[in-house]
Number of protein chains: 2
Amino acid sequence: MINAFIMAGQSNMAGRGIIGDVPPIDNEGRIFMLRNGKWVPMSEPINPDRAIYVSDRTKIRSGISPAASFAKAWIDNNEGSVGLIPCADGGTAIDEWQPGTVLFDNLIQQTKLAMRSSEICGVLWHQGESDSKTEEAALAHAGKLTEVIYGIREELGLPDLPFIMGELAYKHKRWPYTEIVNKGMHALCGEVPHTCVASCEGYEIGPDTVHFTAEFYREFGVRYYGVYEKVK
Amino acid sequence: MINAFIMAGQSNMAGRGIIGDVPPIDNEGRIFMLRNGKWVPMSEPINPDRAIYVSDRTKIRSGISPAASFAKAWIDNNEGSVGLIPCADGGTAIDEWQPGTVLFDNLIQQTKLAMRSSEICGVLWHQGESDSKTEEAALAHAGKLTEVIYGIREELGLPDLPFIMGELAYKHKRWPYTEIVNKGMHALCGEVPHTCVASCEGYEIGPDTVHFTAEFYREFGVRYYGVYEKVK
């Protein structure tokens, strides 16, 4: 049985790291990704929400995400196989993830297809930049995210499903209020069981000037695994 | 409103042509593809059911399909925009597409998400190689395909939805009974309204020795559009 994790949120979970900037992760026959409701061997990009082949390194494209190195850490520490369900979508605000939206419903439907052949073990979430443009939106984020977490757990019938978040880049030139969103996520962890936040301390921004580097995505995924171990 | 077409079947609809072997198709701001239930500008590969980056030209990978040149022919002949819903899955037999299977249910769910923001105009189908290994399977194919067509139309509530098939490669060294499957599809067109078959006459096989060349996929998509015009 495959142990499956949902990828959700916006571009830094979808993954924008440039393929080729880091060594590929060998799936070792134990890391899979969902395609058309079925499991196929993992290769990157796992979450192709945007164009894939882009020769210009400064252009936005689907690429390296935290999910592959999370999965590698998982197989290095567990028996069995792991699967990734790609549902993240670039540029999306928390309002676009509320129950009943197309992104929420797509996540639930894809996950239910995956449940025919796997056990759902957690959600890998990175999102909030689109809610960091104004102080008002940033302050409202944690409450809206709580609705998403409970909504997913309810629809899947998994009330204790681990929900693993990642911090947003502090002091990002494009989003002035990420610090408020980060504080909100840390506070949320004290309120909502089985949630945790991976630190993005020491992050670096890649050649598109917006997203993390491929190297940092690799490190970030390992941190996601580290905090997951404590709440699973 | 986007005029949407479903991509379904196996690898020759998913697309295995090598990107770079043909000029890219400009989406002209009028060709879209479904990602997470939402429309994004089309770029290839449209249907990433398998690994994408493969340096070895002989390796199976997601790539050029008939869908992009079909869409280009559509915008050249119609006002408005066109969208592509990728649901094709390599190596799949007709039994894997019957109502209630994971591939069928994924197609219905993805299409229903797309229906929130588009009108469904047809199904682009290429499949049957996996049913051409034995004479018995090849002879049973048309009957089972008929079930798929009526099943999709019923689930979507679109009884007249055009269903556009493509011929399988004649005399393919790997699948000895493709000619029977092709005859079955042509016969089906006389029985099931709003169906048609695009010819694969003059096809060429690419460097993986199994699938069509990128150049032929481009030509094939134009032929799909030509026959669609007659049954829509």
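The values are calculated or read from the model by the stated rules, or taken from the named source; none is laboratory data. None of these values were measured; they are calculated from a predicted model. Every residue, glycine as well, gets a Cβ built from its backbone with ideal geometry; the counts of neighbours run over all protein chains shown. With ligands, DNA and RNA removed, areas are computed over all heavy atoms of the protein, side chains included. Shrake-Rupley method; radii C 1.70, N 1.55, O 1.52, S 1.80 Å.
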**Prompt:** Any chance segment B:196-203 includes a residue that's over 16 Å from the mean Cα position of the chain (by Cα), under 20 Å from B:SER132 (Cβ atoms) and part of a helix (DSSP H, G or I)?
**Reply:** no
Please verify whether B:LYS112 is among the basic types (Lys, Arg) and within 14 Å of chain A (Cβ to nearest Cβ), treating the condition exactly as stated.
yes
Exercise. Does B:PHE70 fit the bill of being open to solvent by less than 10 Å² (accessible area, probe 1.4 Å) and either acidic (Asp, Glu) or more than 14 Å from chain A (Cβ to nearest Cβ) (or both)?
Worked result: yes
Within segment A:26-48, residues out of contact with any Cys (no Cβ under 9 Å at 6 or more places or on another chain) and in a loop (DSSP other than H, G, I, E, B) come out as A:ASP26, A:ASN27, A:GLU28, A:GLY29, A:ARG30, A:GLY37, A:MET42, A:SER43, A:GLU44, A:PRO45, A:ILE46, A:PRO48
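Pick out the one residue from B:ASN36, B:ASN47 that is free of Cβ contacts under 8 Å to residues at least 12 places away in the same chain, within 22 Å of B:ILE152 (Cα to Cα) and not β-branched (Val, Ile, Thr). Spell out the reasoning first.
Working: B:ASN47 fails: free of Cβ contacts under 8 Å to residues at least 12 places away in the same chain.
Being free of Cβ contacts under 8 Å to residues at least 12 places away in the same chain, within 22 Å of B:ILE152 (Cα to Cα) and not β-branched (Val, Ile, Thr) holds for just one of B:ASN36, B:ASN47, which is B:ASN36.
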Note: among A:GLU155, A:GLU147, just one is within 22 Å of B:GLY100 (Cβ to Cβ) and assigned to a helix (DSSP H, G or I), namely A:GLU155
For segment B:204-232 the number of residues that are open to solvent by 50 Å² or more (accessible area, probe 1.4 Å) and either assigned to a loop (DSSP other than H, G, I, E, B) or in contact with a Leu (Cβ under 8 Å, 6 or more places away or on another chain) (or both) is 4
Residues in segment B:159-194 that are open to solvent by less than 10 Å² (accessible area, probe 1.4 Å) and part of a strand (DSSP E or B) total 4
Selection from segment A:75-109 of residues away from chain B (no Cβ under 14 Å) and under 22 Å from A:ASP26 (Cα atoms) yields A:ILE75, A:ASP76, A:ASN77, A:ASN78, A:GLU79, A:GLY80, A:SER81, A:VAL82
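Listed here are the residues, each with its yes/no results for (1) of a type in the set (S, T, N, Q); (2) within 14 Å of the chain's Cα centre (by Cα); (3) open to solvent by less than 20 Å² (accessible area, probe 1.4 Å).
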{"residue": "B:ASP89", "(1), (2), (3)": "no, yes, yes"}
{"residue": "B:TRP97", "(1), (2), (3)": "no, yes, yes"}
{"residue": "B:THR101", "(1), (2), (3)": "yes, no, no"}
{"residue": "B:ASN106", "(1), (2), (3)": "yes, no, yes"}
{"residue": "B:GLN109", "(1), (2), (3)": "yes, no, no"}
{"residue": "B:LYS112", "(1), (2), (3)": "no, no, no"}
{"residue": "B:MET115", "(1), (2), (3)": "no, no, no"}
{"residue": "B:LEU124", "(1), (2), (3)": "no, yes, yes"}
{"residue": "B:GLY128", "(1), (2), (3)": "no, yes, yes"}
Original post:
Yes or no: B:MET13 more than 9 Å from chain A (Cβ to nearest Cβ) and either open to solvent by 30 Å² or more (accessible area, probe 1.4 Å) or more than 15 Å from the chain's Cα centre (by Cα) (or both)?
Top reply: no
Restricting attention to segment A:57-66, the residues that are aliphatic (A, V, I, L, M) and either facing another protein chain (nearest Cβ under 7 Å) or open to solvent by 20 Å² or more (accessible area, probe 1.4 Å) (or both) number exactly 1
A:PRO23: passes all of (1) facing another protein chain (nearest Cβ under 10 Å); (2) without any contact (Cβ under 8 Å) to a residue 12 or more places away in the chain but (1)
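So that you can scan it fast, the table gives a plain yes or no per residue for (1) open to solvent by 50 Å² or more (accessible area, probe 1.4 Å); (2) under 17 Å from B:ILE46 (Cα atoms); (3) modelled with pLDDT of 95 or more:
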{"residue": "A:ILE19", "(1), (2), (3)": "yes, no, no"}
{"residue": "A:VAL22", "(1), (2), (3)": "no, no, yes"}
{"residue": "A:ASP26", "(1), (2), (3)": "yes, no, yes"}
{"residue": "A:ILE31", "(1), (2), (3)": "no, no, yes"}
{"residue": "A:LEU34", "(1), (2), (3)": "no, yes, yes"}
{"residue": "A:TRP39", "(1), (2), (3)": "no, no, yes"}
{"residue": "A:ILE46", "(1), (2), (3)": "no, yes, yes"}
{"residue": "A:ALA51", "(1), (2), (3)": "no, yes, no"}
{"residue": "A:SER55", "(1), (2), (3)": "yes, no, no"}
